[in-house]
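Contents: one structure, followed by commentary.
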Amino acid sequence: MKLGFFTMPIHPLGKDWRQCLAEDREAFLLADELGYSEAYVGEHVTDQAENITSCVAFLAWIAAATKRIRLGTGTVNLPNAHPATVAAQIAMLDHMLDGRLNFGISPGGLLSDAELFGNLDADRNGMFLEAINTILAIWAGEPPYDIEGKYWTVSTARTAMKEIGQGYLPRPLQQPHPPIVVTAVAPFSKGVTEAAARGWEPISANFLMPQWVRSHWPRYVEGCERVGRAADPANWRVAKSVFVADDMATAKAYAMDPEGPYWAYYRSLFTKMKKNGRVELFKTHRDQPDEEVTLEGICQRLIIYGTPDKVAEDIQGFQEEVGTFGTMLYAGKDWKDRDLGRRSMILMAEKVMPRLSDAPAGIEAAL
């Protein structure tokens, strides 16, 4: 199992934005220093708590300061931008990273963003598919392009001057394109099947109960089988909320504090999901009454915390429950206590992962 990093940071309202961004940047640089294999950052435009408004801009900020780690958009919300803009920005970012970019994409889940960009009542899944198809066509094509869709049209036919390079859209360094990853946020996600059929790789979100995480692997296998491709568990990434400390008392006090960053993270998500009618993500079984789903129960089930020994044991148990996966993405939270936030990432890399590599292999992913 590889260790990666994923953050859609939820910071306290009123916290200085500069401090939020600086701490998020520091977490990525620390992950690179510690040998995390990859790191993803989310984006939202209309959320004071999730206050990274552009994952592309954030990754461009840290590109030259990282050396080994692969960086990923987690995710670009495709309905909210013109596909030509995304294609050009991602191509440039891939060059800036010398080919260390993973291209994470989604239809976008924050409804206030959708309202802002005028697609709240639109078919955002349809827009998502047209957008990525257009982006891939741009990268594979030549000017004047002439790509016409329902939502966007891409052409430079009237203005292209090939002799001076006008009218060209750039291609990424990685060919034919950077690895494409999608985040699965629903039980039995059909999107995982379609992604697998196209050669894309899934990330299972860290706010899903283990049984819903487990449901993603058969969907991935289904998509791979459709195109005659072997389904490799190494391509499956699973995000998880983890806090590691040198002693159990510190770990429990920080991770399970109702006013701490871990509960704040799930409080924000739980509030949004209830408002959007998606409480089922936090249910232990599909017919569980909504009123039985509580923030305390969510945090108790979804946060792994403790000493390195306990965290390694709990992660191994989690893997035995959901199936074998290739990369565990440590889910970044606000650094209410900077020293404890850093220490947790350090212990995860230096103490927990060696224990996992020495442990017996987990059960094979369910087929």
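If you scan the stretch 28-46, which residues turn out to be under 17 Å from the mean Cα position of the chain (by Cα) and touching a residue at least 40 places away in the same chain (Cβ under 8 Å)?
Matches in the stretch 28-46: Phe28, Ala31, Tyr36, Ser37, Glu38, Tyr40, His44, Val45.
So, in the stretch 142-178, how many residues would count as being in contact (Cβ under 8 Å) with a residue 12 or more places away in the chain, part of a loop (DSSP other than H, G, I, E, B) and surrounded by 13 or more Cβ atoms within 10 Å (Cβ to Cβ)?
18
Being surrounded by 20 or more Cβ atoms within 10 Å (Cβ to Cβ) and polar (S, T, N, Q) is the filter; apply it to the stretch 101-118 and report the residue that is nearest to Pro176 (Cα to Cα). So that I can check it myself, show each step before the final result.
Residues of the stretch 101-118 surrounded by 20 or more Cβ atoms within 10 Å (Cβ to Cβ): 101-110, 113-114.
Cutting the leftovers down to polar (S, T, N, Q) gives us 102, 106.
On the way: Asn102: 13, Ser106: 20 Å.
By that ranking, first place goes to Asn102.
Can you run down the residue pairs with Cβ atoms below 8 Å, 6 or more apart or on separate chains, where the first is in the stretch 109-134 and in contact (Cβ under 8 Å) with a residue 60 or more places away in the chain and the partner is among the charged types (D, E, K, R)?
Leu110/Asp47; Leu110/Glu50; Leu110/Lys272; Ser112/Asp47; Asp113/Asp47
Assuming Lys252 fulfils every condition listed in (1) buried (at least 17 other Cβ atoms within 10 Å of the Cβ); (2) under 20 Å from Lys336 (Cα atoms) apart from one, which condition is it?
The single condition Lys252 does not satisfy is (1).
Quick one: in the stretch 308-332, which of the residues that are open to solvent by 20 Å² or more (accessible area, probe 1.4 Å) and without any contact (Cβ under 8 Å) to a residue 60 or more places away in the chain is farthest from Glu201 (Cα to Cα)?
Asp309
Of (1) outside any strand (DSSP E or B); (2) touching a helix residue (DSSP H, G or I) at 6+ places or on another chain (Cβ under 6 Å); (3) open to solvent by 20 Å² or more (accessible area, probe 1.4 Å), Tyr305 satisfies all except one. Which?
Among (1) outside any strand (DSSP E or B); (2) touching a helix residue (DSSP H, G or I) at 6+ places or on another chain (Cβ under 6 Å); (3) open to solvent by 20 Å² or more (accessible area, probe 1.4 Å), the lone unmet condition for Tyr305 is (1).
Go through the residues of the stretch 93-100 one by one and say whether even a single one is part of a helix (DSSP H, G or I), open to solvent by 20 Å² or more (accessible area, probe 1.4 Å) and under 19 Å from Phe58 (Cβ atoms).
Yes, some residue in the stretch 93-100 is part of a helix (DSSP H, G or I), open to solvent by 20 Å² or more (accessible area, probe 1.4 Å) and under 19 Å from Phe58 (Cβ atoms).
The values are calculated or read from the model by the stated rules, or taken from the named source; none is laboratory data. All values reported here derive from a predicted model rather than from experimental measurement. For neighbour counting, all protein chains shown are included, and Cβ atoms are generated from backbone atoms with ideal geometry for every residue, glycine included. Protein only, heavy atoms only, side chains kept; ligands, DNA and RNA dropped before computing areas. Shrake-Rupley method; radii C 1.70, N 1.55, O 1.52, S 1.80 Å.
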